[in-house]
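What follows is a set of notes on a single structure, which appears directly below.
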Amino acid sequence: MAISKLYYSQPRLRELETRIVSQREQGDKHLVVLAETIFYPTGGGQPHDLGTINGVPLLDVFEEGGTVYHVLPQPLTGGEAFAVLNWERRFDHMQQHSGQHLFSAVFQDEYGYKTESFHLGEEYCSIDITAPLLSPEEQLGAEKRANELILEDLPVSTYTLQPEEFDSVPLRKVPDLPGPLRIVEIQGFDYSPCSGTHVERTGQIGLLKLLKAEKYKGMTRVYFLCGQRAWEDYRRKHEICTSLVSLLAVPEAELEERIRSELERKKETEKLLEELTAELIQFRAQKLVSEGQSPYYLELPGISVAEAQQLARAMLNLTPGAVVINLGERLVLTHNLPQGPHLGQLVKEQAQPLGGRGGGSPTAAQVFFAHPHQLQQFLALLPREIWQKPAE
C-alpha cells in the first residue's frame, strides 16, 4: 500500500491531520496505517521516530512492502488521526546521521578509510572504518576537518537517481540493490545513498566531537557525538573539570599533572600500608599462638578474607594446628595437620546441605552463609580436631 512519506518531503513537519487507512491487532499491540505519515520507520541505520497519534504513544514504526506501520499499545477510534512528532528525537537523529555522512566522507577523502558500518544509539554513534590503526594525529585531523565543513554551512539535499544515472555523480558507495537510489548530497563534498532523515545544511549539525577510537575486527571503531549530544558531553565534562580544579586547588592547565602525582602518591601509600599490615598480622599471629592452643577460633568481622587468610597462614607458620576465623557471614578454615581432614570436602558435605556456599583444598577453605543460624549449625558440626568451642 503506497502512502505519502512526509518525513522525506517535509522533514520539519511536526504535526499532521490525516485519516486512518487500516488497523489490526498483533499480539498485545495494534498496527495502524495512515494515509500519510510524518513518522520515520527504522531503517538505514537510523532508529524510528516517536510521538503520539490521537494522544496514544507510539511504540515503534516500521516499513514493510512500502507500507509504514505505526505500532500502538491500543486501537484508535474513529477514522481521523492527529499525529504529533517527538521533534527533539527526530532532530537529534538528523544531526547524528548527517554528521556521520560528513565524518565518513572526511575519513575517506583525507585518509582513504572507507566506512563499513554505522551505529546510531541512544548514548553514542559509531562508525567502523577500514583503518587497522587510527593515529592520534588522524583522529584530531578528521575531527578538525569535519567541524570546518560544519562551519562552512554547506547545503544538504536529497534526490533520486535511476540505475542509468549512478555514474553521473561520484557516489561514495553503491549498494548492491536493484532499482533507483535516494541520494543525500552534501554539496560538492559527499554523495551517499541513504534512506534516513537529514539536516538541510551542515551548520545545523552544530558540532562534531570524536570520543575515542579502538581496534575492532581488523578495523577501527570510531565513537562520536554531534549537535546537542556533543554540547551535553562538553557541559558534563566541563563540570567535572571545574569540580576537580576546585577540589585540588590547582589551575586547569596543571590538573592532569596534579592527578598523576596524587595517583602515584596513593600507590606509594598503599604499598606502605600493605607492608605495615603484613607486620601487624605477624605480631598478631605471634600473640595468638603464644596465648592459645589449636584449634584456634577467632571472631574478626572487621577484616577482609585476604587478611584472614594471611593471618591464618602466619599462625600456622609458627605452630602445627588448625585455625577457624569467623568474619560474620563467612568462615575461613585452614590447618597444617598431617592427619587433618580435607577441608574442601568438609565444606561440601557439611556446609552445603545447610545452605552454605564455598569450597577449598584439603588444607584451606572458606564458606559463606546467608543466615547466622546456618553458620552456627555448621560450627556445631565441625569435628573436634578442627573445632572446639572456647571456654566461657
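The values are calculated or read from the model by the stated rules, or taken from the named source; none is laboratory data. Owing to the predicted nature of the structure, the values given are computational and were not obtained by experimental measurement. Note that each Cβ is placed from the backbone with ideal geometry, even for glycine, and that neighbours are counted across all protein chains shown. All accessible areas refer to the heavy atoms of the entire protein, side chains included, with ligands and DNA or RNA removed. Shrake-Rupley method; radii C 1.70, N 1.55, O 1.52, S 1.80 Å.
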(request) Scan region 26-81 for residues that are outside any loop (DSSP other than H, G, I, E, B), modelled with pLDDT of 95 or more and in contact with a helix residue (DSSP H, G or I) (Cβ under 6 Å, 6 or more places away or on another chain) and jot them down. (result) Glu36
(message) I need the full set of residues from region 180-207 which are in contact (Cβ under 8 Å) with a residue 24 or more places away in the chain and part of a loop (DSSP other than H, G, I, E, B), in order please.
(response) Gln187, Gly188, Phe189, Cys194, Ser195, Gly196, Thr197, His198, Val199, Glu200, Gly206, Leu207
(message) Given the condition surrounded by fewer than 11 Cβ atoms within 10 Å (Cβ to Cβ) and farther than 30 Å from His101 by Cα, answer yes or no: does some residue in region 222-237 qualify?
(response) no
(request) Output the number of the condition that Met94 fails; it satisfies all remaining conditions of (1) under 20 Å from Ser4 (Cβ atoms); (2) part of a strand (DSSP E or B). (result) (2)
(message) Can you list residue pairs whose Cβ atoms sit under 9 Å apart, with the first residue in region 6-18 being closer than 23 Å to Gly79 by Cα and the second being aromatic (Phe, Trp, Tyr) and surrounded by fewer than 18 Cβ atoms within 10 Å (Cβ to Cβ)? Count only pairs 6 or more apart in sequence or on different chains.
(response) Arg14/Trp87; Glu15/Phe82; Leu16/Phe82; Glu17/Phe82; Thr18/Phe82
(message) List pairs: first residue in region 271-287 and open to solvent by 100 Å² or more (accessible area, probe 1.4 Å), second residue of a type in the set (A, V, I, L, M) and assigned to a helix (DSSP H, G or I) anywhere in the structure, Cβ distance under 7 angstrom, at least six positions apart or on different chains.
(response) Arg284/Leu311
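If I ask for residues that are of a type in the set (Ser, Thr, Tyr), part of a loop (DSSP other than H, G, I, E, B) and without any contact (Cβ under 8 Å) to a residue 40 or more places away in the chain, which ones from region 129-179 would you list? Please lay out each step first, then the result.
Step one: filter region 129-179 for residues of a type in the set (Ser, Thr, Tyr), giving 130, 135, 157-160, 168.
Now narrow it down to the ones that are part of a loop (DSSP other than H, G, I, E, B): 130, 135.
Once the filter is applied, which keeps residues that are of a type in the set (Ser, Thr, Tyr), part of a loop (DSSP other than H, G, I, E, B) and without any contact (Cβ under 8 Å) to a residue 40 or more places away in the chain, region 129-179 yields only Ser135.
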(request) Please determine, by comparing only the residues of region 141-190 that are more than 22 Å from Met94 (Cα to Cα) and among the acidic types (Asp, Glu), which one is surrounded by the fewest Cβ atoms within 10 Å (Cβ to Cβ). (result) Asp176
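Which fully enclosed strands (runs of 3 or more DSSP E) of region 291-388 have 2 or more residues being among the hydrophobic types (A, V, I, L, M, F, W, C) and touching a Ser or Thr at 6+ places or on another chain (Cβ under 9 Å)? Explain how you work it out, then say what you get.
Values: elements: 296-299, 322-326, 330-335, 357-360, 364-368.
Here the list reads 322-326, 364-368.
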